[in-house]
Amino acid sequence: MIRASRIFDIKTDEAFRAMALEIAQFQQRNNAVYRQFCSLMRTDTITVFEEIPFLPIRFFKAFDIVSEAIPTEPLVFLSSGTGAQGRSKHVVTQPAVYEQSYTLGFEHYFGEPKEWVILALLPNYVEQGHSSLVYMVEGLIQQTNHPASGFLLDAMDQVHERYVQTIASGRKCMLFGVSYALLDLAEQGKDFSQALVVETGGMKGRRQELTKPELHAALERGLKTAEIHSEYGMTELLSQGYCGPDLVFHTPPWMRVVLRDTSDPMARVPEGQRGAINVIDLANLNSCSFIATEDVGRSVPGGFILEGRMNDADLRGCNQMVG
């Protein structure tokens with residue numbers, strides 16, 4: 001088994017590529033689903049970084065994606081919503097690795113959690129249960145070690161009160177929420193000009209879907225702040241990316257996004273061109289670190305821009321093995 005500490009020590013591109021290759025070989029040997037997928041992709045032996053296949057994210061709806069034996073009581077996360085094929089399932093056998101990943105990722109972008117008060121607006125995630133996002137935010141809230149931090153589900157009137165108290169005390173305040181809940185808050189017309197807002201995307205069927213620029217503009221107007229950020233993560237990952245007002249997502253050193261051609265799963269798309277998003281999450285050590293998502297975007301210097309979801313026509317090109 002590869003030690004997780006080596007993953008979080010990565011500092012160079014060379015170290016990332018070498019570790020990715022080592023993990024891909026480990027997961028090909030030990031993860032039955034990934035091994036069979038590699039075989040279907042005619043990659044029975046992975047010898048270089050460029051050969052690494054990316055497992056379609058839909059496999060998480062049908063299989064337990066694990067690289068070693070599952071303990072008696074693993075941590076199991078389920079995706080939000082239902083969808084035609086049900087909720088994705090991520091079996092996490094090493095919760096401590098997830099906790100280290102989301103903490104270091106947060107620190108990489110925002111600084112230490114203890115500097116913040118975090119007010120969380122994630123009602124649908126809490127209601128459905130088994131949410132990796134709720135697990136992460138709850139862990140970060142605990143690390144703030146501040147009584148004002150917490151989940152505010154049916155207490156929207158308390159959000160501004162806690163925000164005002166936080167700013168008055170000299171502490172930084174973060175509003176972390178699903179898009180529709182933040183829009184509900186924005187419609188109250190209260191001033192959150194000194195808060196840092198982090199939206200997780202998606203309306204979950206509660207509101208009309210908006211593009212990132214449209215959403216950020218609406219939140220800026222309603223919350224009276226120009227400090228809107230986004231989180232990019234998913235049930236099937238153990239790491240997150242974050243973007244600021246420039247809409248360019250940045251990832252920690254152990255996570256990377258590469259783009260694939262929508263008609264050829266093994267073809268890469270050059271920087272600046274639109275493609276489907278593949279995620280390398282080296283922290284996802286005992287599951288699969290190489291995931292072909294159904295998101296689309298563009299690579300830009302220093303990160304990537306998220307441009308939406310693939311349509312059915314796009315999916316035909318990358319789902320030849322899913323059936």
Does the stretch 240-260 contain any residue that is among the hydroxyl-bearing types (S, T, Y), modelled with pLDDT of 95 or more and assigned to a strand (DSSP E or B)?
yes
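Residue-by-condition table, conditions (1) among the hydroxyl-bearing types (S, T, Y); (2) closer than 24 Å to P147 by Cα; (3) out of contact with any Gly (no Cβ under 9 Å at 6 or more places or on another chain):
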{"residue": "V66", "(1), (2), (3)": "no, no, yes"}
{"residue": "T72", "(1), (2), (3)": "yes, no, yes"}
{"residue": "L78", "(1), (2), (3)": "no, no, no"}
{"residue": "V91", "(1), (2), (3)": "no, no, yes"}
{"residue": "V97", "(1), (2), (3)": "no, no, yes"}
{"residue": "Q100", "(1), (2), (3)": "no, yes, yes"}
{"residue": "F106", "(1), (2), (3)": "no, yes, yes"}
{"residue": "K114", "(1), (2), (3)": "no, yes, yes"}
Flagged pairs (Cβ under 6 angstrom, 6 or more apart or on separate chains; first in the stretch 132-143, at negative phi and without any contact (Cβ under 8 Å) to a residue 40 or more places away in the chain; second surrounded by fewer than 19 Cβ atoms within 10 Å (Cβ to Cβ) and part of a helix (DSSP H, G or I)) are V134/V126
For the stretch 115-126, give me each residue that is within 23 Å of Q188 (Cα to Cα) and not in a loop (DSSP other than H, G, I, E, B).
V117, I118, L119, A120, L121, P123, N124, Y125, V126
Which ones in the stretch 273-286 are out of contact with any strand residue (DSSP E or B) (no Cβ under 6 Å at 6 or more places or on another chain) and modelled with pLDDT under 95?
Q273, L285, N286
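Can you tell me how many residues in the stretch 7-25 are in a helix (DSSP H, G or I) and surrounded by 13 or more Cβ atoms within 10 Å (Cβ to Cβ)?
Taking the stretch 7-25 as the starting set, the residues that turn out to be in a helix (DSSP H, G or I) are 7, 13-25.
Imposing the further condition that a residue be surrounded by 13 or more Cβ atoms within 10 Å (Cβ to Cβ) reduces the set to 7, 15-25.
Here the count works out to 12.
Evaluate the stretch 226-241: report whether one residue or more is more than 19 Å from the chain's Cα centre (by Cα) and free of Cβ contacts under 8 Å to residues at least 40 places away in the same chain. Full working, then the answer.
At the first step, the residues of the stretch 226-241 found to be more than 19 Å from the chain's Cα centre (by Cα) are 226-227.
When the remaining residues are screened for being free of Cβ contacts under 8 Å to residues at least 40 places away in the same chain, the result is 226-227.
Yes, there is a match, as at least one residue in the stretch 226-241 is more than 19 Å from the chain's Cα centre (by Cα) and free of Cβ contacts under 8 Å to residues at least 40 places away in the same chain.
Can you report the number of residues in the stretch 30-81 which are outside any loop (DSSP other than H, G, I, E, B) and charged (D, E, K, R)?
Just the residues of the stretch 30-81 that are outside any loop (DSSP other than H, G, I, E, B), to begin with: 30, 32-40, 49-51, 55-61, 75-78.
Of the ones still in play, those that are also charged (D, E, K, R) are 35, 50-51, 58, 61.
Here the count works out to 5.
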Looking at the stretch 57-77 only, could you name the residues that are in contact (Cβ under 8 Å) with a residue 40 or more places away in the chain and of a type in the set (D, E)?
E68
Please identify the pairs in which a residue from the stretch 36-49 that is in the same structural domain as L21 (by TED's automatic domain parsing) and farther than 15 Å from C288 by Cβ has its Cβ atom under 7 Å from the Cβ atom of a residue that is at pLDDT 95 or above and of a type in the set (G, A, S), counting only partners at least 6 apart or on another chain.
F49/A20
Of the conditions (1) over 30 Å from V91 (Cβ atoms); (2) out of contact with any helix residue (DSSP H, G or I) (no Cβ under 8 Å at 6 or more places or on another chain), G129 fails just one. Which one is it?
(1)
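If you take the residues of the stretch 232-284 that are small (G, A, S) and closer than 21 Å to S101 by Cβ, which of them is surrounded by the fewest Cβ atoms within 10 Å (Cβ to Cβ)?
We begin by selecting, within the stretch 232-284, every residue small (G, A, S); these are 233, 239, 241, 244, 263, 267, 272, 275-276, 283.
From what's left, closer than 21 Å to S101 by Cβ: 233, 239, 241, 244, 283.
Numbers: G233: 21, S239: 24, G241: 24, G244: 16, A283: 25.
Filtering the stretch 232-284 for residues that are small (G, A, S) and closer than 21 Å to S101 by Cβ, the one surrounded by the fewest Cβ atoms within 10 Å (Cβ to Cβ) comes out as G244.
The values are calculated or read from the model by the stated rules, or taken from the named source; none is laboratory data. Here the structure is a predicted model, which is why all the values come from computation and not from measurement. So basically every Cβ, Gly included, is an ideal-geometry build from the backbone, and we count neighbours across all protein chains shown.
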